[in-house]
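Please read the structure below before turning to the comments.
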Amino acid sequence: MNEAELFSLFIESSQALDSNFEFWLTVSFALLVASYLVEERIPLPVLAVTVFLYVASSLLFMIRGAATGRMLTSIRDQLEFMNSETSIISSNTNLVVAVTYFVIMIIGSMATIAFVYWRYRELREPQRLS
């Protein structure tokens with residue numbers, strides 16, 4: 001591949017990584033809003049299946065993000081090997097972006113699960129008299 005094709009592939013891969021993150025964010029907020037808006041008790045099996053599906057999809061998004069990140073690193077390395085004059089993300093910046101991406105996804109997933117569980121527990125408590 002020549003430099004222009006590699007640069008184009010780098011941009012497409014970056015956009016795929018962004019889309020992956022946006023899908024994860026959408027799933028997380030959908031679960032948060034659904035958990036908040038539910039007004040009846042949630043049966044434990046429904047909670048378990050919901051949390052399982054959310055964790056599975058979050059892991060899938062993380063795996064896809066890691067694969068895309070490796071592809072971006074490979075493209076960047078190939079461009080460097082070709083002595084490309086095209087300026088793209090540096091190795092150090094790439095590492096910071098990757099770590100930040102996964103920290104946000106891991107902490108966000110844990111917070112989402114904690115909120116869903118909190119809401120489940122809140123709906124299980126008898127109504128308090130005000």
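The values are calculated or read from the model by the stated rules, or taken from the named source; none is laboratory data. All values reported here derive from a predicted model rather than from experimental measurement. Please note: Cβ atoms are built from the backbone with ideal geometry, for glycine as well, and neighbour counts cover all protein chains shown.
The table below gives the values:
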read-out: Residues satisfying the stated conditions in the range 33-61, i.e. aliphatic (A, V, I, L, M) and either over 15 Å from the mean Cα position of the chain (by Cα) or on the phi > 0 side of the Ramachandran plot (or both); value: V33, A34, L37, V38, I42, L44, V46, L47, A48, V49, V51
read-out: Conditions (1) free of Cβ contacts under 8 Å to residues at least 12 places away in the same chain; (2) over 17 Å from F21 (Cα atoms); number of the one not met by Q78; value: (1)
read-out: Flag if R64 is more than 12 Å from the chain's Cα centre (by Cα), surrounded by 12 or more Cβ atoms within 10 Å (Cβ to Cβ), of a type in the set (D, E, K, R) and farther than 18 Å from W118 by Cβ; value: no
read-out: Residue match in the range 89-96 (condition: in a helix (DSSP H, G or I), among the polar types (S, T, N, Q) and closer than 30 Å to L44 by Cα); value: no
read-out: Test for S35: is it modelled with pLDDT under 95, within 22 Å of M105 (Cα to Cα) and either of a type outside the set (F, W, Y) or outside any helix (DSSP H, G or I) (or both); value: yes
read-out: Subset tally (residues that are of a type in the set (D, E, K, R) and either out of contact with any helix residue (DSSP H, G or I) (no Cβ under 6 Å at 6 or more places or on another chain) or touching a residue at least 60 places away in the same chain (Cβ under 8 Å) (or both)) for the range 55-69; value: 0
read-out: In the range 27-43, the residues that are surrounded by 10 or more Cβ atoms within 10 Å (Cβ to Cβ) and touching a residue at least 60 places away in the same chain (Cβ under 8 Å); value: S28, L31, L32, S35, Y36, V38, R41, I42
read-out: Test result for I42, at pLDDT below 95, in contact with a helix residue (DSSP H, G or I) (Cβ under 6 Å, 6 or more places away or on another chain), hydrophobic (A, V, I, L, M, F, W, C) and not in a helix (DSSP H, G or I); value: yes
read-out: Any chance L72 is of a type in the set (A, V, I, L, M, F, W, C), surrounded by 12 or more Cβ atoms within 10 Å (Cβ to Cβ) and at pLDDT 95 or above; value: no
read-out: Near pairs, Cβ below 9 angstrom, 6+ apart or cross-chain, from the range 1-19 (modelled with pLDDT under 90 and assigned to a helix (DSSP H, G or I)) to any residue that is surrounded by fewer than 12 Cβ atoms within 10 Å (Cβ to Cβ) and among the acidic types (D, E); value: E3/E85
